[in-house]
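Note sheet for the following structure.
Here, each number is a calculation from the coordinates, and none is a lab measurement. Quantities reported herein were computed from a predicted structural model and do not represent experimental measurements. Here the Cβ is made from the backbone with ideal geometry for all residues, glycine too, and neighbour counts use every protein chain on show.
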């Protein structure tokens, strides 16, 4: 869905999966600094939104999600995954229950497949699932923001800021009252700095939660009964994940950032050495310079210097090997 905020001065549209909102509004680093200082907002209205209502909503979701939500207090934010039967990540949900309804936002374009799966699992449970993407826009207020939240708007509050489920027809009114707007590139730069994985960016068809550090934040290890739980338990108790998420400091003298998918090799083996991982997200940060998230093989030494394509990179541990 194309955001009306693309008409704001300086707006440059994002591309790919994030098409429909602004990548930036003319000054990437200023927008990053504003968010870091707790001012402004980010238009995330391209994200999918769904609701679950009904008497059994929490107990039903508890059976399907990796997170413990059967007794989720009203107003408490959480995140959860849906896994395949083999434990691979299929969906990531960012949730809050307002006392009568569970609200969730998900990656752009994934809501239809997710809702189809949820509908197939309703059976006799007293629940209703609805796609609210058409009438609800997600807006992000950064941590430290003192901006007022409009009456009646559901809020998902986390250590990284507040996600608002805003009626879509109030988006322009909100922007006029809560500017300046920051683009998605600024939001992504802070996400990378915070080492937070994103579905479809840090994940591929075989990613398991342990590889990305989603254990604890999106996976509750003291519950079972969800699809893929056997893999989670086996890796937790008996094995090691085959890959691990790392944070990369990239050579700042390079003009271009390594694109997602760029192969990683050990620096002492040179650009023709064996492949030991790949870049998942790369950004330019207002303080750290060019940085990235990447997946590497578990046995790569934590102090090894790497090459991202031809760009030198120093790694910082996110997930312990």
Problem set entry | Cα centroid separation, region 83-148 to region 1-50 (Å) | 21
Exercise. What is the chain's relative contact order, in percent, from Cα pairs under 8 angstrom and six or more apart in sequence?
Worked result: 19
For this session: Using a 10 angstrom cutoff on alpha carbons, build the Gaussian network for the chain and name the most mobile of 119, 31, 71.
Result: 71
Exercise. What would the Debye formula give as log10 I(q)/I(0) at q = 0.26 Å⁻¹ for the alpha-carbon point model of region 48-131, no solvent?
Worked result: -1.57
For this session: Under a 10 Å cutoff between Cα atoms, tell me which one of 267, 177, 104 has the largest fluctuation in the Gaussian network model of the chain.
Result: 177
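Rounded, prolate or oblate for region 242-321? Axes are the square roots of the Cα gyration tensor eigenvalues, ordered a ≥ b ≥ c, and the cut-off for rounded is a/c under 1.5. Spell out each step's value before the answer.
Details: a/c = 1.70, a/b = 1.25, b/c = 1.36.
Judged from the Cα gyration tensor, region 242-321 comes out oblate (a/c at least 1.5, b/c at or above a/b).
Considering only DSSP beta bridges whose two residues both sit in the chain, what percent are antiparallel, to the nearest 5?
Details: 66 of 69 bridges.
Close to 95 percent.
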Exercise. Using a Gaussian network model of the chain with C-alpha springs under 10 Å, which one of 45, 253, 145 is most mobile by mean-square fluctuation?
Worked result: 253
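Provide the percentage of antiparallel DSSP beta bridges, counting only those with both residues in region 201-321; round to the nearest 5.
Values: 30 of 31 bridges.
Approximately 95 percent, going by the DSSP bridge assignments.
For the chain, what does the helix formula give at 222 nm: sum of -39500 (n - 2.57) over DSSP H segments with n ≥ 4, over the residue count, nearest 500 deg cm²/dmol? Please report the intermediate quantities before stating the final value.
Values: 7 runs with 58 residues, N = 321.
Dividing the helical sum by the residues of the chain leaves -5000 deg cm²/dmol.
For the ranges 156-167, 241-252, what's the packing order if you count other beta-carbon atoms within 10 Å of each residue, average per peptide, and put the highest first? Display every interim value, and only then the final one.
Details: 156-167: 18.5, 241-252: 20.2.
Ranked by mean Cβ neighbours within 10 Å, highest first: 241-252, 156-167.
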Seminar exercise, completed: Label model pair residue 55, residue 71: point-to-point distance (7 angstrom along the Cα→beta-carbon line) in nm is 2.1
For this session: With a point put 7 Å past each Cα toward its Cβ, work out how far residue 225 is from residue 128 in nm, to one decimal.
Result: 2.5
